[in-house]
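Below you'll find the structure, written out as structure tokens, and then a few comments.
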Amino acid sequence: MSYFSELALQYIDGEWRPGNGSWDVVDINPFNGEKLAAITVATVAEVDQAYRAAERAQKSWAQLNPYARRLVFERALRVIEEREQEITELIIAELGGTHLKAAFELSLSRDMLRECLQLSLRAEGRILPSPVDGKENRLYRLPVGVVGVISPFNFPLLLSLKSVAPALALGNGVVLKPHQDAPITGGTLIAKIFEEAGLPPGLLNVVVTDIAEIGDALIEHPVPKVIAFTGSDKVGRHVATVAASHFKRSILELGGNSALIVLDDADLDYAVDAAVFSRFAHQGQVCMAANRVLVDRSVLADFTERFVRKVASLTVGDPSDPRTQLGPLINITQAESLTAQVDQAVADGATVLLRGTTTGTLMEPVVLTGIAAGAPILQRELFGPVVLLVPFDGEEEAVALANDTPFGLSGAVHTGDVERGVRVAQRIETGMIHVNDGTIHDEPVVPFGGEKNSGLGRLNGESTVDAFTTLKWISIQHGRSRFPF
């Protein structure tokens, strides 16, 4: 595929060029192990060049009429629409995503760009009253300047665009560092899309590198005022600590351990469909995925039989085959780690309801139950096709179990009584939760983010305006002030 030869470079100050580091990020197809590309890493000096380029370009970009800025996003949207087949093939090859996953990610990415057409016009100022006679208070909403973005491997096109595109729309410059397992889809592809869309050179820079090469230079650099990070809570904690020590704002979209709750009056067939999708979409490599399915004991046997039967019917294999529903995990390390966690849970007494084999990066679905309260596997984000079935007796226990985790990203409640579902949902300590639906949702105007260890801040809609702009108060005294001396 031409993208792997054309885009295996750094993109700094509008130029495509190799990095100057001493080693390469090797991009591997997670299904067949094929080497897709090798990208020589960017150095600390190149990170500095990227930030300085964004700083220079941002000043004139911020002064540009926002109606002119939005034309770039119209063109970027057309580029994605015209290249949909190529980008689908890229997602399949680089991420092990299925056709369904690629279509889902592309749809959400297009929605995000459409939202940016409006965001360009949404940095509105205000005039506020004053207790001082003759004083006018003007509140201006301005771009922060330059934003550093660090994106993950699972939905890299969407989750890079989720910060990159709004930051640009609101008048900022951006430096993006994609994950090493998704350097093209989550990084240089986005640079290519915006280059073709006519974004001025220097505004968006992509550095493919690693902490082993640059340390914390991407966060510590004096130019960026905001760091937007999506990834694990462990790394997010480090990003937040370093950013705060340099008086930078951090926007953190971190992991989850979501619960899908099935109450005693739920439509069981529908709840099964929602639970299977919520756990096994993209092989379970989704931060909003339902790691835990909590089921009222009165309907447990019926639900379990239907759920296990449906999970067993899922097709695991080559993601390039349109019939495949579960492809590979992103790398062998992830597959081995998750398999070891399952082994430990079984050794600790968990009951296996369904378990296939793990072959390389292909892991067949696992359904466990009978997990002891406080077991480590109940507290972790399981980034793969493993689900924990947990019974409860009544709403109080359901709420307690759902909240018994350090995470709080998403969730779902299934019930025949919508208002009952809302009452339960209000008690779950998450940033997002859905009544009679799945746990995996992202809409461009609705605030997206988590509580507890699942992150800080929100993105999408007005929350994105807050994330990537700053407020400036300018007062005007009409007439003369009186001073005490």
Handout entry: Selected residue (criterion: nearest to residue 224 (Cα to Cα)) from residues of the range 15-50 that are surrounded by fewer than 19 Cβ atoms within 10 Å (Cβ to Cβ) and small (Gly, Ala, Ser)
Key = 45
Practice task
Would you confirm whether any residue within the range 441-450 is more than 14 Å from the chain's Cα centre (by Cα), in a helix (DSSP H, G or I) and touching a residue at least 60 places away in the same chain (Cβ under 8 Å)?
Solution key: no
Handout entry: Odd one out for residue 272 among (1) among the hydrophobic types (A, V, I, L, M, F, W, C); (2) more than 30 Å from residue 388 (Cα to Cα); (3) not assigned by TED's automatic domain parsing to the domain that holds residue 42
Key = (2)
Exercise for the section: Looking only at the range 66-77, decide whether some residue is touching a Pro at 6+ places or on another chain (Cβ under 7 Å), touching a residue at least 12 places away in the same chain (Cβ under 8 Å) and more than 30 Å from residue 5 (Cα to Cα). Expected result: no
Handout entry: Elements of type strands (runs of 3 or more DSSP E) in the range 64-181, at least 1 residues being in the same structural domain as residue 362 (by TED's automatic domain parsing) and closer than 28 Å to residue 243 by Cβ
Key = none
Exercise for the section: Examine the range 313-321 for a residue that is of a type outside the set (Ser, Thr, Tyr), assigned to a strand (DSSP E or B), out of contact with any Asp or Glu (no Cβ under 7 Å at 6 or more places or on another chain) and under 18 Å from residue 98 (Cα atoms), and state whether such a residue exists. Expected result: no
Practice task
Check 128, 158 and return the single one that is free of Cβ contacts under 8 Å to residues at least 12 places away in the same chain and either small (Gly, Ala, Ser) or surrounded by fewer than 24 Cβ atoms within 10 Å (Cβ to Cβ) (or both).
Solution key: 128
Problem - Unmet criterion (only one of (1) assigned to a helix (DSSP H, G or I); (2) under 20 Å from the mean Cα position of the chain (by Cα); (3) over 30 Å from residue 143 (Cα atoms)) for residue 384 - result: (1)
Exercise for the section: Assess whether residue 147 counts as being buried (at least 24 other Cβ atoms within 10 Å of the Cβ), within 30 Å of residue 35 (Cα to Cα) and not basic (Lys, Arg). Expected result: no
Exercise for the section: Answer yes if at least one residue in the range 468-483 is within 19 Å of the chain's Cα centre (by Cα), closer than 26 Å to residue 112 by Cβ and not assigned by TED's automatic domain parsing to the domain that holds residue 306, and no otherwise. Expected result: yes
Problem - Matching residues, the range 445-463, being over 20 Å from residue 256 (Cβ atoms) and surrounded by 15 or more Cβ atoms within 10 Å (Cβ to Cβ) - result: 461
Exercise for the section: Say whether the condition of being surrounded by 18 or more Cβ atoms within 10 Å (Cβ to Cβ), closer than 30 Å to residue 211 by Cα and either among the polar types (S, T, N, Q) or not assigned by TED's automatic domain parsing to the domain that holds residue 401 (or both) is met by at least one residue in the range 296-318. Expected result: no
Practice task
Answer yes if at least one residue in the range 385-403 is surrounded by fewer than 20 Cβ atoms within 10 Å (Cβ to Cβ), under 23 Å from residue 155 (Cα atoms) and free of Cβ contacts under 8 Å to residues at least 24 places away in the same chain, and no otherwise.
Solution key: no
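The values are calculated or read from the model by the stated rules, or taken from the named source; none is laboratory data. If you're wondering where the values come from, they're calculated on a predicted model, not measured in any experiment. Cβ: placed from backbone, ideal geometry, glycine included. Neighbour counts: every protein chain shown.
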